[in-house]
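Structure record follows, encoded as structure tokens.
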Amino acid sequence: MTVRRSLLALPVLAVLLTGCGIRATEVPTEFGAAPSRAHCSLAEPEVVPRTALGFPAQVFLLCRSSLVAVDRLVEVPENAAESARRVQVAQGLLDELAQSPSTPEQEAGYTTDVRYGLRVTGPRTDDPEDTLRLSVRPGELTTYALAQVVCTFSDSEAAEGDGSVILGGPDTTPLHRYECTDEVRTRPGTTAPPSTEVTNN
């Protein structure tokens, strides 16, 4: 008889627990709130306005081993010739990539692998007109840094806007056209930007 009464009491106990908002499978709350999962998400993205000397642009930073675009302001004189403007835009983007992310960005998990001091120049006499030459060979950059540079350049006024960019180094090593693909954006550390050799004019 005692066993039967205990079994009959179980449904009543379950109803009482449910009425109190308690579920048997929940994790105890005395250990504090669950950790936030809002990685790579900024609570209030900064609005970057156009100014007399600059314009809003995007650069690709690293977050959780992927490339994520963030807004920046690149300063370029409005009266610059097209060829000079392309180089100035590229240098401004490089400088932004080399800057440490803002405090909110760092808290959200953003980092950069591009090191300060990287410079860019325009094409040489026999180079295609949209060539950008870095102060180091592109192959000497880390896979992460090269992906950041390629994806940032290819999506900006520094390139032709077709998702690719021609890069070279300071020496006579062959030029290459690099592409920013979905695979590069999602796995920049393991997937190098695809490239094809470019012949000089």
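The values are calculated or read from the model by the stated rules, or taken from the named source; none is laboratory data. Since we're looking at a predicted model, the values are computed, not measured. Every residue, glycine among them, receives a Cβ derived from its backbone with ideal geometry; neighbour counts consider all protein chains shown. Each accessible area value is taken on the protein alone, full model and side chains, heavy atoms only, with ligands, DNA and RNA left out. Shrake-Rupley method; radii C 1.70, N 1.55, O 1.52, S 1.80 Å.
Shown is the FRET efficiency for Asp126 and Asp162, computed with R0 = 30 Å from the Cβ-Cβ distance and rounded to the nearest 0.05: 0.85. Quick check: at a probe of 1.4 Å, how many percent of the accessible area of segment 50-128 sits on carbon and sulfur atoms? The nonpolar share, carbon plus sulfur, comes to 46 percent.
The P(r) of segment 96-175 has a tail past 17 Å containing 49 percent of all C-alpha pairs.
In this label model, Glu179 and Glu82 are separated by 2.5 nm, measuring between points 7 Å along each Cα→Cβ vector.
The residues of segment 94-201 expose on average 51 square angstrom of accessible surface per residue, using a 1.4 Å probe on protein heavy atoms. Here the simple spin-label model places points 7 Å from the Cα toward Cβ, and for Thr172 and Gln99 these points are separated by 3.9 nm.
Distance between the 7 Å Cα→Cβ label points at Leu73 and Thr191: 3.5 nm.
All alpha carbon pair distances within segment 53-201 were sorted into 5 Å bins beginning at 0; the resulting P(r) in whole percents reads 2, 10, 21, 24, 22, 13, 6, 2, 1, 0. In segment 64-129, Rg over Rh equals 1.06, where Rg is the alpha-carbon radius of gyration and Rh the Kirkwood radius from pairwise Cα distances.
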